[in-house]
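Worksheet: one structure, shown below.
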Amino acid sequence: MGIIVQKFGGTSVGSIERIRHVATRVIEEVDKGNQVVVVVSAMGKTTDELVDLAKQISLQPSKREMDMLLSTGEQVSIALLAMALQEKGYKAISLTGWQAGITTEEMHGNARIMNMDTTRIRRYLDEGAIVIVAGFQGVTETGEITTLGRGGSDTTAVALAATLKADKCDIYTDVTGVFTTDPRYVKTARKIKEISYDEMLELANLGAGVLHPRAVEFAKNYEVLLEVRSSMEKENGTIVRGEVSMEQHLIVRGIAFEDQVTRVTVSGIKNSLYALPTIFTALAQRGINVDIIIQSAGNADTTSVSFSIRTEDLPETLQVLQSLEEANVQYESGLAKVSIVGSGMISNPGVAARMFEVLAGENIEIKMVSTSEIKISTVIDEKSMVRAVEALHEAFGLAEEAAAVRA
């Protein structure tokens, strides 16, 4: 008997009919002789609806109260799934994040898991129950309810799998696996059979919404075997693990992209060792994620820095920057980030040159660039995003690979 953790997203539990279908998928795993822990998200668009309700009352609601509100969405779905399993004759119990022993840091809206006490879960498993845990949520040491940020149910599932030393963690979504890029935008996108933790982490961080980045971090750190698969289709998905075989020696394995990016430029900063730490520490304390950073020398006395953020974080970012003395702040919204990812890039020079060449051929201006050993990211105009992805997908052989597979 092994332990299997299954995670089902909001679309998978978006209606009573779908919840009953999820119950069937859970039972299939139980009938194989496994102990099963299920993590579920809120039903369908429930979280968006709760956010809209809050905005009708306040444009800037308290983050604590938002966590209190949003955590209710998962409680609905875990209770309904437990009922569906009980109706089919199986012993099941639902647990909120705090009942499941998930302790987080004191950060409302985007908390990190600090500790997991799975004693209660193990007791129920030993009693033969299917344990259903609310994703996306936990509790601080002082008893405050917190949420883990959008996509946090993935993190809950992988963290549970790591702590329980589960044999596998299956992430069920509305797609059949991880694709070379988003198939909703690029028709020739292809499902990848296997992908490494590092490649998946880069894709997740760069906008591929199929897995939450922190979930991949947990999986890598604790060597949790992941499979991303469809909740509706009974077919193999994408395995995420340590080392994987390169598919026909492809240098680029995937292309990620995201819109709603803003470039912020702060110029006239006093040139000192503490200038940049002051800026980015203040942003970090407000929970603002900064992405690409480029520093430019001004003169002997001043310097300037540009960085990219999510557009939704712009008002709070401007608030932070207004406190800086003698700093001139400018920003440009309506941007997007397009990134290529592949572990083969480490040993293949000229990949960046090829990427820039392809974008130039499409008359797409590059506004910012960031690189690592296995990824290259560019910030471009949002209106050119899909065209850039299509061109890069074809230029790096991913489109031809898709055609070969389908043939």
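The values are calculated or read from the model by the stated rules, or taken from the named source; none is laboratory data. These numbers were taken from a predicted model, which means no experiment stands behind them. A quick note on method: Cβ atoms are made from the backbone with ideal geometry, for glycine too, and the neighbour counts reach across all protein chains shown. Heavy atoms of the whole protein, side chains included, go into the accessibility calculation; ligands, DNA and RNA do not. Shrake-Rupley method; radii C 1.70, N 1.55, O 1.52, S 1.80 Å.
Just one of [x] 0.98; [y] 1.04; [z] 0.94 is Cα Rg over 2.2 N^0.38 Å as worked out from the coordinates here. Which one is it?
Label of the calculated value: [y].
Provide the per-residue ³J(HN,Hα) series for segment 118-124, in order, calculated from phi with Karplus coefficients 6.51, -1.76, 1.60 and θ = phi - 60°, each as a whole number of Hz, with x at glycine and proline positions.
Along segment 118-124, the couplings run 9, 4, 5, 4, 4, 4, 5 Hz.
Just the number please: accessible area per residue for the chain, 1.4 Å probe, all protein chains included, in Å².
Working: 19100 Å² over 407 residues.
Accessible surface, normalised per residue, equals 47 Å².
Using alpha carbon centroids, what distance separates segment 101-137 and segment 1-60, in Å?
15
Using the Cα centre as the reference, give the magnitude of the dipole from point charges on the C-beta atoms of the chain (Lys, Arg: +1; Asp, Glu: -1; all else neutral), rounded to the nearest 20 debye. Present the calculation step by step, with values, prior to reporting the outcome.
On the way: 40 positive and 54 negative charges, 150 e Å.
In total the dipole reaches around 720 debye.
Could you give the length gained on full extension between Glu235 and Asn271, defined as 0.36 nm per residue of separation minus the Cα-Cα distance, in nm? Could you put the intermediate results ahead of the total?
Details: separation 36, 0.36 × 36 = 12.96 nm, distance 5.76 nm.
Length gained, Glu235 through Asn271: 7.2 nm.
Tell me which GluC sites (Glu not before Pro) from segment 310-357 have a DSSP coil assignment and no more than 12 other beta carbons within 10 Å of their own. Mind dumping the intermediate values first?
Numbers: sites: Glu312, Glu316, Glu325, Glu326, Glu332, Glu357; in loops: Glu325, Glu326.
Here the sparse-neighbourhood loop sites are Glu325, Glu326.
Can you pull the one-decimal nm distance between simple spin-label points at Lys45 and Asp31, each 7 Å off the Cα toward Cβ?
3.5
At a 1.4 Å probe, what is the % contribution of carbon and sulfur to the accessible area of the chain?
Numbers: 9270 of 19100 Å².
The C+S portion of the solvent-accessible surface of the chain is 49 percent.
What is the angle, in °, between the Cα long axis of helix 385-395 and the longest principal axis of the Cα atoms in the chain? Nearest 10 is fine, range 0 to 90.
Approximately 90 degrees, to the nearest ten.
Using the per-residue mean of other Cβ atoms lying within 10 Å as a proxy for protection, in what order, highest first, do the peptides 113-119, 48-54 fall? Could the numbers behind the result be given before it?
On the way: 113-119: 15.1, 48-54: 13.4.
My ranking of the peptides, most packed first, is 113-119, 48-54.
Rounded to the nearest 500, what is the 222 nm mean residue ellipticity of the chain from helices alone, with -39500 (n - 2.57) per DSSP H run of 4+ residues and division by all residues? Don't skip to the end; give the middle numbers.
On the way: 12 runs with 142 residues, N = 407.
One gets -11000 deg cm²/dmol as the mean residue ellipticity at 222 nm.
Out of Ala399, Val5, Gly101, whose Cα points farthest toward the positive end of the dipole of the chain (charges: +1 Lys, Arg; -1 Asp, Glu; placed on Cβ)?
The residue sitting most towards the positive pole is Val5.
For helix 351-361, what angle does its Cα long axis make with the longest principal axis of the chain, in degrees from 0 to 90 and rounded to 10?
70
Taking the Kirkwood radius as the inverse of the mean 1/r across Cα pairs, report the Rg/Rh of segment 128-254. Spell out each step's value before the answer.
Details: Rg = 15.2 Å, Rh = 15.4 Å.
So for segment 128-254, dividing Rg by the Kirkwood Rh gives 0.99.
Return the lysines within reach of Lys91: Cα separation strictly under 28 angstrom, same-chain partners fewer than 8 residues apart disregarded; answer none if there are no such residues.
Lys7, Lys32, Lys165, Lys168, Lys234
In nm, what is the difference between 0.36 nm times the number of residues separating Leu59 and Phe280 and their Cα-Cα distance?
Numbers: separation 221, 0.36 × 221 = 79.56 nm, distance 2.55 nm.
Answer, rounded to one decimal: 77.0 nm.
If R₀ is 45 angstrom, what is the calculated FRET efficiency for the pair Val290 and Met83, using the beta carbon separation as r and rounding to 0.05? Spell out each step's value before the answer.
Details: r = 44 Å, r/R0 = 0.98.
Rounded to the nearest 0.05, the efficiency is 0.55.
Got the relative contact order for the chain handy, in percent, Cα pairs under 8 Å and 6 or more residues apart? Can you show the working numbers first?
Values: 861 pairs, mean separation 54.4, N = 407.
Relative contact order here is 13 percent.
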